[in-house]
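Data first, discussion second: the structure below is written as structure tokens.
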Amino acid sequence: MRLRILGVVATIATAASVAVVALASTSTAGLPSYTNGYREWPRINRKPFTRCGPPCAHSGVKNVYASRKKVGARYPNGTVIVKTVAQSGDRPTRPNQVAVMRKTNGRWRYVEYVLSGSRYTVLAQGQLCQSCHVQARVNDYVFTKR
């Protein structure tokens, strides 16, 4: 009986810790917590750009922010790149799309979010994004227009 109670308590504790981690990993708006404060990061484009492509996956008014500066020709591990995409009429604090790149173990991870009501939801990720970003390989897979 004691073993059974211990098993139930362990299961509940594990489930609770998983829930806390899951909640902590996203912001209240649905974007990952590692993007928090991105508007305070250095913007890597001098002014917003509106022309698209080629390639053109994100049409609208765009700004790109980086959590860290390049070291030589590459961004260091842990760098997060956030591109906001606003359509005309969007509120400046809530862009319609947010594209995120995060560099871990020397590789970029890509996720694109779209505003759905008051929260962001995943629109695209992974290989779909990588297939386009490979065109910017010489710039560490980051498209920028200065």
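The values are calculated or read from the model by the stated rules, or taken from the named source; none is laboratory data. Worth saying up front: this structure is predicted, and the values here are computed from it rather than measured. All Cβ positions, even for glycine, are placed from backbone atoms using ideal geometry, and neighbour counts span all protein chains on display. Note: areas computed on protein heavy atoms with side chains; ligands, DNA, RNA excluded. Shrake-Rupley method; radii C 1.70, N 1.55, O 1.52, S 1.80 Å.
Worth a mention:
- Set GLU40, GLU112: member being open to solvent by 50 Å² or more (accessible area, probe 1.4 Å), of a type in the set (Asp, Glu) and at pLDDT 90 or above: GLU40
- Restricted to the stretch 76-104, and to residues there that are outside any strand (DSSP E or B) and at pLDDT 95 or above, the residue that is surrounded by the most Cβ atoms within 10 Å (Cβ to Cβ) is THR79.
- PRO54 assigned to a loop (DSSP other than H, G, I, E, B) and modelled with pLDDT of 90 or more: no
- For first residues located in the stretch 122-146 and over 23 Å from ARG43 (Cα atoms) and surrounded by 13 or more Cβ atoms within 10 Å (Cβ to Cβ), partners that are small (Gly, Ala, Ser) and modelled with pLDDT of 90 or more and lie 6+ apart or on another chain with Cβ distances below 7 Å do not occur.
- Scanning the stretch 105-139 for residues that are of a type in the set (Val, Ile, Thr) and not in a helix (DSSP H, G or I) yields VAL111, VAL114, THR121, VAL122.
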